[in-house]
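One structure is given here, and the rest of the page talks about it.
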Amino acid sequence: MMFFLSEYMCQIYRKNAGFHERASEVAYAGIKEDTFKAAERMRTKIVKKSFQVIVVSVMAPHKGIETLIKSVYHIKKLYKIPVQLLVVGPWPDKLYKNKINQLVVKLNLKDVVEFKGYTSREELNLHYAESRLFCLMSRSESFGIPSVEAQAFGLPVVSSNCCAIPEVCGNGGIYLEPNDVQGVALEIS
């Protein structure tokens, strides 16, 4: 018997293995009850930052942070909306982090993009509570726990259409091609 975090992962396994398993089930991951309690507690106490978009993940090259940063640039330049991007999560690849920092500098977004790195659960909950939208343009997600956590805080999700996030978030999101800078900018704004 094989268990998968999502139907997406089941299909990836079948494609890579070249056969169907004899028996399997999709067992979706859950989030901690404390997350729901924090969301409920903060819902009326925390003031939303009107233009704050949050991305939460381990910031690896396949997470599509470039797409999101370029989209923020378009929102600022084309739509003149004072968007703020909050990037929460560790950076295991220092070269990738440098590449993203260089992109932020090149696009003159140092006052718009804030890198938080790893944060405590309490800080993360606060960041979810004060944001207005969650966006992750990943090219590969087996499940996408941060997107579900964001939904627990009432955030709509803008994400990529090529992984498990559309399956997991359902009607609570809008899903685009992972490199669709213009589409992401339009949906965020």
Projected area averaged over all directions for the convex hull of the alpha carbon atoms of segment 143-189, nm², comes out at 3.1 nm²
Segment 1-105: spread of alpha-carbon positions along the three principal axes, whole Å, largest first, is 54, 38, 27
Distance in nm between L126 and S142 label points, each 7 Å along Cα→Cβ, equals 3.2 nm
Debye calc, one equal point scatterer per Cα of segment 43-88, no solvent, log10 I(q)/I(0) at q = 0.22, 0.23, 0.31 1/Å comes to -0.82, -0.86, -1.13
Sorted largest first, the C-alpha extents of the chain along its principal axes in whole angstrom are 54, 37, 30
Here, trypsin sites (Lys or Arg not before Pro) of segment 18-60 satisfying both criteria (DSSP loop; at most 16 other Cβ within 10 Å) are R22, K32, K45, K48, K49
Straight-line reach check, K48, cutoff 22 Å on alpha carbons, 8 or more apart in-chain or any other chain, hits among lysines -> K37, K76, K80, K110, K116
From the Cα centre of segment 9-57 to that of segment 113-189, the distance in Å is 10 Å
Carbon/sulfur accessible area of the chain, % of total, 1.4 Å probe, equals 55 percent
accessible surface per residue for segment 1-107, probe 1.4 Å, DNA/RNA/ligands not counted, whole Å² -> 62 Å²
With every protein chain in place, the accessible area of F4 for a 1.4 Å probe, in Å² rounded to the nearest 10, comes to 20 Å²
Quick calc of log₁₀ I(q)/I(0), segment 80-158, Debye, one scatterer on every Cα, no solvent, q values 0.13 1/Å, result -0.46
Taking 0.36 nm per residue of separation between K116 and N179 and subtracting their Cα-Cα distance, the length gained on full extension comes to 20.3 nm
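The values are calculated or read from the model by the stated rules, or taken from the named source; none is laboratory data. A quick note: this is a predicted structure, and the numbers were derived from the prediction, not measured. Quick reminder, even Gly has a Cβ in these numbers, built from the backbone with ideal geometry, and neighbours come from all protein chains shown. Only protein heavy atoms, including side chains, enter the accessible area calculation; ligands, DNA and RNA are left aside. Shrake-Rupley method; radii C 1.70, N 1.55, O 1.52, S 1.80 Å.
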